[in-house]
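S.K.: First the structure, then my questions, so here it is.
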Amino acid sequence: MADYKSTLFLEMIKDFAENEVKPLAQQTDEEERFPIETVEKMAKLGLMGIIIPKQYGGAGGNYPMYISAVEELSKVCGTTGVILSAHTSLCAAPILEYGTEEQRVKYLPDLASGKKIGAFGLTEPNAGTDASNQQTVAVEMEDHYLLNGSKIFITNAGYASTYIIIAVTGKGPKGPEMSAFIVESAFEGFSVGKKELKMGIRGSSTCELIFENVKVPKENLLGKRGDGFKIAMKTLDGGRIGIAAQALGIAEGALDATIAYVKSRKQFGRSIAQFQNTQFILADLATKVAAAKCLVEVATNAKQNKLPTVSVNAAQAKLFAAETAMDVTTKCVQLHGGYGYTREYPVERMMRDAKITEIYEGTSEVQRMVISGTLLKK
Amino acid sequence: MKIIVCIKQVPNTTEIKIDPVTNTLKRDGVPSIINPDDKTAVEAAIQLKEKHGATVTVITMGPPQAEKALREALAMGADEAFLITDRVFAGSDTLATSTIIAAAIKKLGADVVFCGRQAIDGDTAQVGPQIAEHLGVPQITYAAAIDYDAAREVLTVKRQFEDRYQTLEVSGQCLITILSTLDKPRYMNVWDIVDQDEKEVGLITYKDIEENLNLADIGLKGSPTKVKSTATKQFDKTIETVELDPETAAKTIVDALKARHLI
């Protein structure tokens with residue numbers, strides 16, 4: 001069998017990012033506007049369903065293709081990168097992995113075609129890193145679960161129609177019993193609350209979700225009752241590779257912009273690229289970016305091949321790529337001098353976008369907990 | 001309707017390197033793309049397919065690596081692809097090339113043949129019209145728009161001239177050469193990118209089409225055109241600097257442009 005898909009896919013996504021996404025990146029950020037037209041274009045090209053199998057309307061592509069899409073989009077626009085990552089890793093992937101055949105047939109085709117956008121709700125005001133401290137409850141009734149509570153910081157909220165929601169369904173042996181549900185925005189009692197005003201990824205929609213006596217049909221329970229926490233954690237393993245790719249893309253984008261800038265910017269009669277200070281900083285940043293790319297590839301490969309190391313690989317990739325993105329973008333702003341601090345150049349936006357990658361889908365501290373936990377368990 | 005689209009893989013650069021000995025293009029190490037006019041021809045064919053139903057077959061003549069250009073066309077939505085390749089085809093000029101491609105088209109069979117107007121590496125605009133002559137079918141060049149009337153089975157083609165358009169109708173077999181201004185070629189899509197890996201690109205070698213070919217008409221032997229010499233054009237960049245007030249400056253520029261017949 002021929003193997004051209006990776007090459008052709010990379011050519012297409014680079015072309016798309018450069019010509020369709022980059023021109024809107026600054027405006028999306030300035031106006032804090034969800035780039036719905038870009039999502040529609042992505043949907044037409046099959047980008048919302050890269051990893052969804054063909055029988056559910058997806059393209060049947062592989063995980064490396066999806067990850068390279070997040071990376072390439074994030075090189076020019078961190079907002080667009082996370083929209084795709086949350087949709088794919090946090091909504092389509094768990095339905096694919098834990099859903100029944102009926103759930104897959106019902107929900108995946110619309111997610112694959114981009115007719116519907118996906119999202120995921122775990123975080124609550126008092127359940128951030130301490131994710132098991134859930135207050136949202138789903139009480140089992142005769143033919144449905146009655147969902148009450150709220151979620152915060154939900155990526156794609158408001159634009160998404162399909163949500164994976166984690167809620168407490170009872171008491172377990174070691175604390176609350178949690179379950180995962182597929183919740184549609186059209187369910188009565190579902191509403192989107194306050195929109196967060198953020199430092200970065202400002203075009204991405206981040207809102208509160210409110211559930212007031214939402215009747216969730218029993219067939220919308222994802223996985224087994226009581227498997228919610230496990231599903232959430234496994235889902236985040238995948239999500240973290242997406243965020244690592246986003247961080248990597250932001251770092252690469254900032255580095256590309258800075259390489260172009262230092263060649264054209266002249267001080268003391270020569271381009272600042274000719275100063276050894278600039279050269280050494282660029283060399284260090286490029287090396288870190290290359291290392292981050294290796295870790296993202298290791299994690300992507302683990303996910304694609306369902307290796308048992310995926311959890312720690314994903315944590316290491318996200319930890320390193322996120323901290324690299326923050327370091328690289330900060331130094332890129334510095335290399336731009338005063339201009340780097342203005343919104344005329346993209347690096348200040350990239351620096352603001354980079355920060356969130358150290359926080360969401362598990363802070364860097366959580367990644368260190370995951371990694372050390374694996375080390376000490378042996 | 002069966003549409004065959006002829007495409008060419010060309011180097012993605014305006015700085016084409018030329019082999020000083022053979023005077024032919026050196027393609028090694030230069031990234032390749034589908035020739036822009038040809039890519040629009042693929043787009044035009046896929047649009048007809050979407051609107052009226054058709055099969056779109058993409059063909060190219062070239063070395064084995066030209067398969068990638070065909071795969072890109074499949075990833076845009078073409079149905080099948082064939083690579084015309086053989087050592088005996090090497091060194092063909094436009095006449096020999098069109099002879100070979102026409103032989104392949106005869107073998108494959110087509111209702112309509114689309115070509116790009118011209119390739120950015122050779123700029124001859126000869127191969128399309130020559131194929132039409134070999135096939136003995138009418139040709140319409142410089143197409144800026146194409147539509148199909150399914151009831152009457154007639155293609156309407158808008159030909160672009162420097163200062164006007166001509167609208168023609170054609171029924172039956174024909175060949176149309178297409179301008180890149182007809183439409184922006186679509187992106188490859190993920191469904192077709194994945195699917196093309198499961199498709200075979202057909203190979204057409206000399207043996208497959210020898211009944212329509214004469215060895216004397218192909219390759220270097222069959223190529224009456226010999227490139228005598230090729231050189232990169234040198235531009236004389238003399239800069240004249242004068243300091244004038246805005247009004248005189250504007251007049252000076254206009255006069256200079258008029259003197260060179262540029263305006």
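S.K.: How much accessible surface area, in Å² rounded to 10, belongs to the heavy atoms of B:Asp147 with a 1.4 Å probe?
M.R.: 70
S.K.: Can you give the FRET efficiency for B:Phe235 and B:Gln65, using 1/(1 + (r/R0)^6), R0 = 25 Å, r = Cβ-Cβ distance, to the nearest 0.05?
M.R.: Rounded to the nearest 0.05, the efficiency is 0.15.
S.K.: Distance between the C-alpha centers of region A:16-73 and region B:104-122? Whole Å please.
M.R.: 34
S.K.: With axes computed from alpha carbons, what is the tilt in degrees of helix B:36-52 against the longest principal axis of chain B, rounded to the nearest 10 within 0 to 90?
M.R.: On a 0 to 90 degree scale, this one is about 50.
S.K.: Sorted from largest to smallest, which semi-axis lengths in Å does the alpha carbon gyration tensor of the protein assembly as shown give for its equivalent ellipsoid, taking the root of 5 times each eigenvalue?
M.R.: Its equivalent ellipsoid spans semi-axes of 51, 33, 23 Å.
S.K.: Helix B:246-259 against the longest principal axis of chain B: what's the angle in degrees, Cα atoms only, rounded to the nearest 10?
M.R.: Approximately 50 degrees, to the nearest 10.
S.K.: Around A:Leu222, with a cut-off of 15 angstrom between Cβ atoms, what is the net charge of the other residues, counting Lys and Arg +1 and Asp and Glu -1?
M.R.: Combined, the nearby Lys, Arg, Asp and Glu give -1.
S.K.: What number, rounded to the nearest 500 deg cm²/dmol, is the helix-based mean residue ellipticity at 222 nm of chain B, given -39500 (n - 2.57) per DSSP H run of at least four residues and division by all its residues?
M.R.: About -8500 deg cm²/dmol.
S.K.: Distance between Cα centroids, region A:298-335 to region A:183-248: provide it in whole Å.
M.R.: For region A:298-335 versus region A:183-248, the Cα centre distance is 22 Å.
S.K.: Pairs A:Lys116/A:Lys234; A:Lys115/A:Lys194; A:Lys54/A:Lys116; A:Lys54/B:Lys49; A:Lys44/B:Lys158; A:Lys106/A:Lys318: which exceed 26 Å Cα-Cα?
M.R.: Long pairs (Cα-Cα over 26 Å): A:Lys44/B:Lys158; A:Lys106/A:Lys318.
S.K.: Okay, moving on. Treat every Asp and Glu Cβ in chain B as -1 and every Lys and Arg Cβ as +1, leave all other atoms uncharged, and give the resulting dipole magnitude about the Cα centre to the nearest 20 debye.
M.R.: 500
S.K.: Moving on to the next point. Residues of region A:99-131 with backbone nitrogen within less than 20 Å of a virtual label 7 Å along the Cα-to-Cβ line of A:Ile36, please, listed as ranges.
M.R.: A:110-120
S.K.: Once the other residues with Cβ under 12 Å from the Cβ of A:Val192 are scored (Lys, Arg +1; Asp, Glu -1), what is the net sum?
M.R.: Every neighbour counted, the sum reads +1.
S.K.: In addition: Starting from the Cα coordinates of region A:42-89, work out the convex hull volume and express it per residue in Å³.
M.R.: Normalising the Cα hull of region A:42-89 by residue number yields 61 Å³.
S.K.: Sequence neighbours fewer than 8 away in the same chain don't count; with that in mind, list the lysines whose C-alpha is under 18 Å from A:Lys174.
M.R.: A:Lys224, A:Lys230
S.K.: Another question about this same structure. Among A:Gly200, A:Gly226, A:Phe181, flag the residue with its Cα farthest along the positive direction of the charge dipole of region A:172-227, charges on Cβ as +1 for Lys/Arg and -1 for Asp/Glu.
M.R.: Selected residue: A:Gly200.
S.K.: Tell me the net charge near A:Tyr56. Cut-off is 15 Å between Cβ atoms, A:Tyr56 excluded, with +1 for each Lys or Arg and -1 for each Asp or Glu.
M.R.: Spelling it out: positives minus negatives among the neighbours equals +1.
S.K.: Rounded to the nearest 10 Å², what accessible area does B:Lys39 have for a 1.4 Å probe in the complete protein model?
M.R.: Spelled out: B:Lys39, probe radius 1.4 Å, area about 50 Å².
S.K.: Tell me, Kirkwood radius of region A:1-69 from alpha-carbon pair distances, in Å?
M.R.: After inverting the pairwise mean of 1/r, the radius is 13.2 Å.
S.K.: Mean Kyte-Doolittle hydropathy of 0.5 or higher plus an axial Cα length of 20 Å or more: which whole DSSP H helices in chain A meet both?
M.R.: A:228-264
S.K.: With a 1.4 Å probe and every protein chain left in place, tell me how much accessible area A:Tyr4 has, in Å² to the nearest 10.
M.R.: Looks like 60 Å² after rounding.
S.K.: Compute a Gaussian network model of chain B, connecting alpha carbons closer than 10 Å, and tell me which residue from B:Ala250, B:Ala119, B:Ala78 fluctuates the most.
M.R.: B:Ala250
S.K.: Does region A:1-146 come out rounded, prolate or oblate by the C-alpha gyration tensor, with a ≥ b ≥ c the root eigenvalues, rounded set by a/c under 1.5 and, if not, prolate when a/b is larger than b/c and oblate if not?
M.R.: Note, shape of region A:1-146 comes out oblate.
S.K.: Eigenvalues of the Cα gyration tensor times 5, then square-rooted: what semi-axes does that give for chain A, in whole angstrom, largest first?
M.R.: 36, 21, 20
S.K.: Cα-based count: Lys pairs in region B:169-263 below 26 Å, eight or more positions apart or different chains?
M.R.: Close lysine pairs found across region B:169-263: 6.
S.K.: Taking 0.36 nm per residue of sequence separation and subtracting the Cα-Cα distance, how much length would be gained by fully extending the chain between A:Phe187 and A:Lys306, in nm to one decimal?
M.R.: So the chain would gain 39.4 nm between A:Phe187 and A:Lys306.
S.K.: What's the percent breakdown of Cα-Cα distances in region B:1-160 across 5 Å bins, shortest bin first?
M.R.: Calculated over all Cα pairs of region B:1-160, the distribution is 2, 9, 18, 23, 22, 14, 7, 4, 1, 0, 0, 0 percent.
S.K.: Give the percent of DSSP beta bridges with both residues in region B:2-217 that are antiparallel, rounded to the nearest 5.
M.R.: Within region B:2-217, antiparallel bridges account for around 40 percent of the total.
S.K.: Let me ask another. Whole angstrom only: what separates the Cα centroid of region A:152-169 from the Cα centroid of region A:81-133?
M.R.: With region A:152-169 and region A:81-133 each reduced to a Cα centre, they are spaced 8 Å.
S.K.: Tell me which residues come under 5 Å, amide H to amide H, from B:Ile84 once H is placed; ignore anything under 5 positions away on its chain.
M.R.: B:Thr60, B:Met61, B:Gly62, B:Ile204
S.K.: Relative contact order for chain A: what is it in percent, counting Cα pairs under 8 Å that are at least 6 residues apart?
M.R.: Relative contact order of chain A: 17 percent.
The values are calculated or read from the model by the stated rules, or taken from the named source; none is laboratory data. Computed from a predicted structure; not experimentally measured. Cβ sites come from the backbone with ideal geometry, for glycine too, and all protein chains shown count toward neighbours. To get the accessible areas, we keep the full protein, side chains included, count just its heavy atoms, and leave off ligands, DNA and RNA. Shrake-Rupley method; radii C 1.70, N 1.55, O 1.52, S 1.80 Å.
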